[in-house]
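Enquirer: One structure follows; several queries about it will come next.
The values are calculated or read from the model by the stated rules, or taken from the named source; none is laboratory data. Here the structure is a predicted model, which is why all the values come from computation and not from measurement. Quick reminder, even Gly has a Cβ in these numbers, built from the backbone with ideal geometry, and neighbours come from all protein chains shown. Only protein heavy atoms, including side chains, enter the accessible area calculation; ligands, DNA and RNA are left aside. Shrake-Rupley method; radii C 1.70, N 1.55, O 1.52, S 1.80 Å.
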Amino acid sequence: MKFSISREALIKPLNLVAGVVERRQTLPILANVQLVLNEQELALTGTDLEVELIGRVHLDDESGVSGEITIPARKLVDICKALPEGSNINFQLDDQKLILKSGRSRFQLSTLPANDFPSVEQAKGGQSFILKQGDLKRLIERTSFAMAQQDVRYYLNGMLFEVTNGQLRVVATDGHRLAMATFQGDIQVDQVAQVIVPRKGVVELARLLMNEDQDAEVIVGGNHIRVVTADFTFTSKLIDGKFPDYERVLPRNSTKVVLGSRADLKQAFARTAILSNEKYRGIRMLLTSGELRIVANNPEQEEAEETVAVEYQGDSLEIGFNVSYLLDVLSAINGESAKFSLSDSNSSALIEEAEADGGNCQYVVMPMRL
């Protein structure tokens, strides 16, 4: 195996692939990145057995010798970062050692055989469709904050991907709040598919989708989800479990609708949050005709109060929420306005973008007793 590549061409796919590799591994080879040179295409692969990422680079140099090997991922990243910009790196496999040369620098890295490198099994069958990378990234960014972190209900530690004819919907919930975003487009599938992608897979996928206008092919199989673009192939195992029926969680019969400036509400919540209880983060919303008062207290007997003008006509209402959840939602949505649909002090709030701003996201936040 022998080839030459510029530092800049290598460092971008290498950083992405190395991001999948866990630092602490039970199997030594999982700390490595696999290099496969086939004529002028170099493929770099990293995996933790749950998520696999293959990055591809086309080499200008035609004098390369095809081959495959695995080398320590973190060391290769550190070497590339330390080399000067614009430098060229020559790779050559010599007696199971990989020699890297660049200018006056020379590095000799230990290797492990490529045959021992594990590959995530091929996703068999399943549904396949194509959408823009930017559309998929937006779906993830607007909902991923609501995923659970380390919940014993393991099916909450990920994101539901639901594919039906004409739309892709993603849903995340941690049991206290729910985020849902829907993309409608030219998606043709034989049957409805619902899969749960684990948290790490969701985070890695969002990191990869950098070329907004380029296509991404999504393949949803029985055990895996795969996303293929011109630059990489991403594969993630799925969580085997049943996601909650999100339709039942969406409030249907809200009697109070509040419309307010997203920026004003976000700033008011952020300021009152400063004096909320650090552990529970609770704030009270007092709604009257045309205005919303936001009040926060803490155990030190300190208090913050904000008043925001809103569009609302109806009975007064007092309701408590975790202010962090409200700020997460207002950071995720776009547009000028935010719409709150409420019923009473014991019912969840439905928060949406105003329809004039696109309105393809919905958020449910459970109330707090204060």
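Enquirer: Under the Karplus relation 6.51 cos²θ - 1.76 cosθ + 1.60, θ = phi - 60°, what is the ordered set of whole-Hz ³J(HN,Hα) values for the range 180-185, x standing for Gly and Pro?
Expert: Result, ordered by residue: 9, 9, 10, 10, 10, x Hz.
Enquirer: Can I ask one more? Could you give the dipole magnitude of the chain about its Cα centre, charging the beta-carbon of Lys and Arg +1 and that of Asp and Glu -1, in debye to the nearest 20? All intermediate terms of the calculation are to be shown ahead of the outcome.
Expert: On the way: 39 positive and 51 negative charges, 195 e Å.
Dipole size: approximately 940 debye.
Enquirer: Just how large is the dipole of the range 51-99 about the Cα centre, in debye to the nearest 20, putting +1 at every Lys and Arg Cβ and -1 at every Asp and Glu Cβ?
Expert: Result for the range 51-99 is approximately 280 debye, rounded to the nearest 20.
Enquirer: Give, in nm to one decimal, the length gained when the segment between Asn211 and Gln167 is fully stretched (0.36 nm per residue of separation minus the Cα-Cα distance).
Expert: On the way: separation 44, 0.36 × 44 = 15.84 nm, distance 2.12 nm.
Stretched out fully, the Asn211 to Gln167 stretch lengthens by 13.7 nm.
Enquirer: Report the one residue of Thr229, Gly201, Thr255 whose Cα lies farthest in the direction of the positive end of the charge dipole of the range 187-260 (charges on C-beta: Lys and Arg +1, Asp and Glu -1; origin at the Cα centre).
Expert: Thr255
Enquirer: Taking only the C-alpha atoms, wrap a convex hull around the chain and report its volume per residue in Å³ as a whole number.
Expert: 174 Å³
Enquirer: Still on this structure, I have one more. Is the range 75-131 best put as rounded, prolate or oblate by its Cα gyration tensor, with a ≥ b ≥ c the root eigenvalues, rounded for a/c under 1.5, and otherwise prolate when a/b is larger than b/c, oblate when not? Before the final figure, lay out the partial values.
Expert: Numbers: a/c = 3.86, a/b = 1.79, b/c = 2.16.
Oblate, because a/c is 1.5 or more while a/b does not exceed b/c.
Enquirer: Taking a ≥ b ≥ c as the square roots of the Cα gyration tensor eigenvalues, with a/c under 1.5 meaning rounded and otherwise prolate when a/b beats b/c, else oblate, which class fits the range 167-215?
Expert: Working: a/c = 1.79, a/b = 1.12, b/c = 1.60.
Oblate.
Enquirer: Starting from the Cα gyration tensor of the range 6-58, take the square roots of the eigenvalues, sort them a ≥ b ≥ c, and report rounded, prolate or oblate (rounded when a/c is under 1.5, otherwise prolate if a/b is larger than b/c, else oblate).
Expert: Prolate, because a/c is 1.5 or more and a/b exceeds b/c.
Enquirer: Heavy atoms only, 1.4 Å probe, whole protein assembly: order Ile130, Ile333 by accessible area, highest first. Before the final figure, lay out each step's value.
Expert: On the way: Ile130 100, Ile333 0 Å².
The residues order as Ile130, Ile333, largest area first.
Enquirer: Would you mind getting me the FRET efficiency between Asn346 and Glu311? Use the beta-carbon distance for r and R0 = 25 Å, nearest 0.05. Don't skip to the end; give the middle numbers.
Expert: On the way: r = 24 Å, r/R0 = 0.96.
The value I calculate is 0.55.
Enquirer: Size of the dipole of the range 1-72 about the Cα centre, Lys and Arg at +1 and Asp and Glu at -1 on the beta carbon, nothing else charged, in debye to 20?
Expert: On the way: 6 positive and 11 negative charges, 64 e Å.
Roughly 300 debye for the range 1-72.
Enquirer: Per residue of the range 238-247, what does 6.51 cos²θ - 1.76 cosθ + 1.60 with θ = phi - 60° give for ³J(HN,Hα)? Whole Hz please, x for Gly and Pro, Karplus curve as stated.
Expert: Going residue by residue, I get 9, 7, 8, x, 10, 6, x, 6, 5, 4 Hz, with x marking Gly and Pro.
Enquirer: Starting from the Cα of Lys81, draw a straight line to each of the lysines and keep only those under 20 Å, dropping any in the same chain fewer than 8 residues away.
Expert: Lys12, Lys101
Enquirer: Within straight cross-link reach of Lys339, meaning Cα distance under 16 Å, which lysines are found once same-chain residues fewer than 8 apart are removed?
Expert: Lys256, Lys266
Enquirer: Across 5 Å bins from 0, what is the distribution of all Cα-Cα pair distances for the range 1-152, in whole percents?
Expert: Going out from 0 Å in 5 Å bins, the range 1-152 shows 2, 8, 16, 19, 19, 14, 10, 7, 5, 2, 0 percent.
Enquirer: Could you report the chain's accessible area per residue, 1.4 Å probe, as an integer in Å²? List each step's numbers first, then the result.
Expert: Numbers: 18220 Å² over 370 residues.
So the chain comes to 49 Å² accessible per residue, rounded to a whole number.
Enquirer: What does the extension gain come out to for Glu62 and Ser87, with contour length at 0.36 nm per residue minus their alpha carbon separation? Write down the numbers at each step before the final one.
Expert: Working: separation 25, 0.36 × 25 = 9.00 nm, distance 1.83 nm.
Residue separation times 0.36 nm, minus the Cα-Cα distance, leaves 7.2 nm.
Enquirer: Out of the range 69-153, which GluC sites (Glu not before Pro) are coil in DSSP terms and have no more than 13 other C-beta atoms within 10 Å? Walk me through the intermediate numbers first.
Expert: Details: sites: Glu85, Glu121, Glu141; in loops: Glu85, Glu121.
Those that pass, being in a loop and sparsely packed, are Glu85, Glu121.
Enquirer: Here is a further query. Using +1 at the C-beta of Lys and Arg and -1 at the C-beta of Asp and Glu, which of Val323, Pro84, Ser347 has the Cα lying farthest in the positive direction of the dipole of the chain?
Expert: Pro84
Enquirer: Answer with one residue from Thr70, Thr45, Ala31: the one whose Cα lies farthest towards the positive end of the charge dipole of the range 1-97, charges on Cβ with Lys, Arg +1 and Asp, Glu -1.
Expert: Ranked along the dipole, the leading option is Ala31.
Enquirer: Give me the percent of the accessible area of the range 23-100 that comes from carbon and sulfur atoms, probe 1.4 Å, all protein chains in place. Mind showing how you got there, number by number?
Expert: Working: 1820 of 4070 Å².
Heavy-atom surface of the range 23-100 belonging to carbon and sulfur, 1.4 Å probe: 45 percent.
Enquirer: Using a Förster distance of 35 angstrom, determine the FRET efficiency expected from the C-beta separation of Ser105 and Asn223, and round it to 0.05.
Expert: Details: r = 44 Å, r/R0 = 1.24.
With R0 = 35 Å, the Cβ-Cβ based efficiency is 0.20.
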